[in-house]
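In what follows, a structure is listed as structure tokens, so that the remarks can point back to it.
The values are calculated or read from the model by the stated rules, or taken from the named source; none is laboratory data. Remember, it's a predicted structure, so these values are computed and weren't measured experimentally. Quick reminder, even Gly has a Cβ in these numbers, built from the backbone with ideal geometry, and neighbours come from all protein chains shown.
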Amino acid sequence: MANPIEQQPRHYGFLLTPNFPLMSYASAVEPLRAANLLTGRTLYTWRHVAATGRTIRASNGVDIVADSRIGDAIELDALFVCAGGNPALFREPPTLAWLRSLARDGVMVAGMSGGSYILARAGLLDGHRCTIHWEHIPALEEEFPRLEIRRTLFEIDRGRVTCAGGIASLDMMLALIERDHGPDLAAEISEWFLRTQPRLGSGSQRMTLRERHGVSNGKLLKALALMERRLEEPMPCAAIATDAGVSPRQLERLFADHLHTTPQAHYLAIRLDRAQSLLRQTPMAVAEIAVACGFVSTSHFSRAYRRRFARSPREDRHGAQSAG
């Protein structure tokens, strides 16, 4: 690694899409500012790029004025695509073509939060490890089943970098700064932002089942894990009980005591939540979603969906598309 004093600044771009998540963006750009400030040198420069127009509005209403638009002749070592909302709806051919052109020219391309979806649609994640915010994983898996999708905080694989977003963007950027300028500077920046426990890219995005549900019973946790793994082909609750090492009656009692519901109701709820995610973020037909979430018929799926969400699958899809 060259001495930072001898290195030329690295030029980063941030392609922000409408309703981009401000947390993901700020967590990525602030470490660059800190690197310059703490060393007293311009190690990084950055600029904002818009697909259209000159102003990009974040999901919380904050506006960022773009320095450039896609296709402009700008010097870049890396481009970070930051997207939120429903990235599956992003289908702008000029942007996708520009991303492919940058990658061909050797520019590192990165996706943050939903930005990984846009890279996938541009064909830039084929043959690379990648990650994305857990909310978008089901849709990405359905549309791009051959991708090597990890449920990690971030992935750095050759010229592709992907990140789950949120504060994981800080972890990702610190890893890149460490690669450029060594662990001492990365540690100093980490302390600057009160990040006292470094997180590896391989870390999990979500809480464990124990943390998420606030339970510690091992047999119940095993049952919950089985349910989350078997959504397309649901297991009978009696089989889940057997695998968890309890009787069906004991399983009922565990769910009642710890989660205040029944195994059947909990299993149905997580399948319907998955269905809602696919409905809002993929073009899959309602019948295909029903099958993917373990329902024997579209009519059964629609009735259960309406009971849980107070609207039909088609109404929900129409509302999500209108909002997007």
Residue within region 218-241 that is touching a residue at least 12 places away in the same chain (Cβ under 8 Å), assigned to a loop (DSSP other than H, G, I, E, B), in contact with a helix residue (DSSP H, G or I) (Cβ under 6 Å, 6 or more places away or on another chain) and closer than 14 Å to Phe255 by Cα present:
no
Based on this model, can you work out whether Val81 counts as out of contact with any strand residue (DSSP E or B) (no Cβ under 7 Å at 6 or more places or on another chain) and under 22 Å from Leu32 (Cβ atoms)?
no
Could you check region 85-95 and list, in sequence order, the residues that are more than 21 Å from the chain's Cα centre (by Cα) and touching a residue at least 40 places away in the same chain (Cβ under 8 Å)?
Pro94
Please determine, by comparing only the residues of region 291-306 that are of a type in the set (Gly, Ala, Ser) and surrounded by 16 or more Cβ atoms within 10 Å (Cβ to Cβ), which one is nearest to Ala83 (Cα to Cα).
Ala292
Being without any contact (Cβ under 8 Å) to a residue 24 or more places away in the chain and not charged (D, E, K, R) is the filter here, so list the residues in region 251-266 that pass it.
Ala256, His260, Thr261, Thr262, Ala265
When restricted to Gly159, Gly123, the only residue in the same structural domain as Ala58 (by TED's automatic domain parsing) and under 20 Å from Asn86 (Cα atoms) is Gly123
Test set (1) closer than 21 Å to Pro21 by Cα; (2) part of a loop (DSSP other than H, G, I, E, B) - Leu140 fails condition number:
(2)
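Residue-wise test of (1) farther than 28 Å from Ile132 by Cβ; (2) surrounded by fewer than 19 Cβ atoms within 10 Å (Cβ to Cβ); (3) under 27 Å from the mean Cα position of the chain (by Cα).
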position: Gln250; (1), (2), (3): yes, yes, no
position: Phe255; (1), (2), (3): yes, no, no
position: His258; (1), (2), (3): yes, yes, no
position: Arg274; (1), (2), (3): no, yes, yes
position: Leu279; (1), (2), (3): no, no, yes
position: Ile289; (1), (2), (3): no, no, yes
position: Arg317; (1), (2), (3): no, no, yes
Kindly establish whether Arg195 is surrounded by 15 or more Cβ atoms within 10 Å (Cβ to Cβ), without any contact (Cβ under 8 Å) to a residue 60 or more places away in the chain, within 24 Å of the chain's Cα centre (by Cα) and not in a helix (DSSP H, G or I).
yes
Quick one: would you say Trp98 is at negative phi, in a helix (DSSP H, G or I) and free of Cβ contacts under 8 Å to residues at least 40 places away in the same chain?
yes
Checking Tyr25 against (1) over 17 Å from Leu185 (Cβ atoms); (2) assigned to a helix (DSSP H, G or I); (3) more than 24 Å from the chain's Cα centre (by Cα), only one condition comes out false. Which one?
(3)
Assess whether Tyr305 counts as being under 23 Å from Glu211 (Cβ atoms) and either assigned to a helix (DSSP H, G or I) or in the same structural domain as Arg91 (by TED's automatic domain parsing) (or both).
no
